[in-house]
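Working notes, structure below.
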Amino acid sequence: MPNFGRSLLDHWWLDPAITYLNHGTVGATPRVVLQAQQDWQRRIEAQPAAFLFRELMRVAPDDPAAPRPLLRQAADAVGEFVGARGDDLVFVDNASTGINAVLRSIALRPGDEIVVLDQAYGAVVKAAEYVARGAGAKVVVVATPFPVQGDATPACVEALERALTPRTRLAILDHISSQTALVLPVAAMTACCRARGVPVLVDGAHAPGAIALDIEALAADWYVGNLHKWAFAPRACGFLWVAPAQRGAVHPPVISWGLDVGLTQEFDWTGTRDPSAMLSAPAGIAFMRDTLGLDAMRRWNHDLVWRMASELSARWAQPFTTPESMVGCMASVALPARIDALGESAATALKDWLFFERRIEAQVLTIQGHVCVRLAAQVYNDETDYERLAQAVDEWPV
């Protein structure tokens with residue numbers, strides 16, 4: 001396996017003049033995976049109609065004797081990687097698209113409730129509010145613990161349980177929070193919802209590739225994930241997993257020829273589009289397994305971000321109490337008190353200054369009114385990247 005760190009940058013097209021610490025927001029695709037995508041595109045263009053309508057997918061009901069469509073073969077590979085059957089998994093552009101598909105497929109009535117966490121991704125909350133507004137329903141926000149000290153599972157489950165009512169029609173639970181970067185106890189929280197008869201949609205946008213997944217074991221009703229972040233697929237590429245009991249009830253946001261034929265037919269054909277990113281998802285998985293080593297990659301990313309979060313928080317005299325078990329390959333750290341005192345406007349100002357003045361791409365955000373930086377670690381990062389970030393923060397002229 002290769003030596004991890006900046007020497008691995010040759011596997012990407014990333015500008016070496018940029019210190020890229022924001023893989024969590026926009027993942028970078030390895031060169032070999034982009035080459036696989038280009039190979040698919042050339043194959044498509046050799047005979048577009050035949051490829052799209054004879055090889056890629058089938059709108060008609062499945063014929064067991066026919067060759068398995070290419071998109072279903074790619075879904076099989078992704079399913080094996082995330083602990084699911086390929087036939088229960090469909091491709092979507094991103095996690096937000098999958099969440100919208102589920103939200104728009106639920107029959108809501110006035111007074112019904114959709115439960116989300118206060119750590120939920122902002123776009124997900126907006127989608128829930130939009131759907132709820134149209135039905136006269138409402139969104140209920142669960143206050144989860146942050147900062148965290150020790151085992152947060154009991155507190156997360158208790159907070160969620162208090163929010164569930166006979167009116168709750170759906171709970172949207174984050175697997176890895178995009179804000180706090182916490183790996184949340186989603187299995188225990190899902191079990192809490194199931195005990196109350198509440199369907200669960202898990203937002204796993206940051207999970208595939210970052211942590212080991214066994215989606216079926218979570219016992220949720222739906223699970224969405226991005227493959228173009230930590231799983232190295234080209235953009236745009238995500239998936240929606242649907243529990244067998246829910247297969248007939250969920251539809252894509254764009255209705256096309258596959259309506260009522262079946263889950264995979266509906267989602268595999270929503271109109272003419274470039275499927276090369278989805279077909280290249282197995283190449284991203286192969287890059288992790290064969291070139292990097294899946295376990296070694298995850299261990300490097302986790303250990304690096306854990307150490308750097310601890311060191312930077314100490315350097316900036318800020319507490320970092322997150323237990324290591326709740327850290328994947330990202331960690332949110334409070335910035336120095338002089339920056340925090342400037343308020344929320346400092347987040348955008350510092351983020352822009354880091355990029356334009358110091359050529360550092362990092363995610364600076366506010367969490368509960370405090371200015372933080374969300375550290376992300378990928379195998380092309382090493383300690384020197386975070387030292388460059390820390391020095392720049394210390395030198396920010398405000």
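The values are calculated or read from the model by the stated rules, or taken from the named source; none is laboratory data. Predicted, not measured: the structure shown is a model, and the values here were computed from it. No Cβ is skipped: glycine too gets one built from the backbone with ideal geometry, and neighbour counts run over all protein chains shown. Note: accessible area is taken over every heavy atom of the protein model, side chains too, but ligands, DNA and RNA are not part of it. Shrake-Rupley method; radii C 1.70, N 1.55, O 1.52, S 1.80 Å.
At-a-glance table
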| read-out | value |
| --- | --- |
| Dipole-positive endmost among GLY343, ALA376, TRP396 within region 246-398 (Cβ charges, Cα centre) | GLY343 |
| Over the chain, relative contact order from alpha-carbon pairs under 8 Å, at least 6 apart, % | 22 percent |
| Whole-number percent relative contact order across region 10-102, with pairs defined as alpha carbons under 8 Å at least 6 apart | 14 percent |
| Where the chain is the region considered: accessible area per residue in Å², 1.4 Å probe | 41 Å² |
| Candidate values [x] 64, 53, 32; [y] 64, 57, 42; [z] 77, 50, 32, label of the one derived for Cα extents along the principal axes in Å | [x] |
| By average C-beta atoms within 10 angstrom, highest first, the peptides 78-86, 44-52, 347-355 | 78-86, 347-355, 44-52 |
| Ordering of 133-144, 96-107 by burial proxy (mean other Cβ atoms within 10 Å per residue, highest first) | 96-107, 133-144 |
| Accessible area in the full protein assembly, largest first, 1.4 Å probe, for ASP221, ASP274, ASP118 | ASP274, ASP118, ASP221 |
| Point-charge dipole on Cβ atoms (K/R +1, D/E -1) for region 166-248, about Cα centre, debye to 20 | 260 debye |
| The chain - mean residue ellipticity at 222 nm from DSSP helices (-39,500 (n - 2.57) per run, n ≥ 4, rounded to 500) | -11000 deg cm²/dmol |
| Share antiparallel - DSSP beta bridges, the chain, percent rounded to 5 | 50 percent |
| Portion, in percent, of the accessible area of the chain that falls on carbon or sulfur, probe 1.4 Å | 53 percent |
| Neighbourhood net charge (14 Å Cβ-Cβ; Lys/Arg +1, Asp/Glu -1) for PRO16 | -1 |
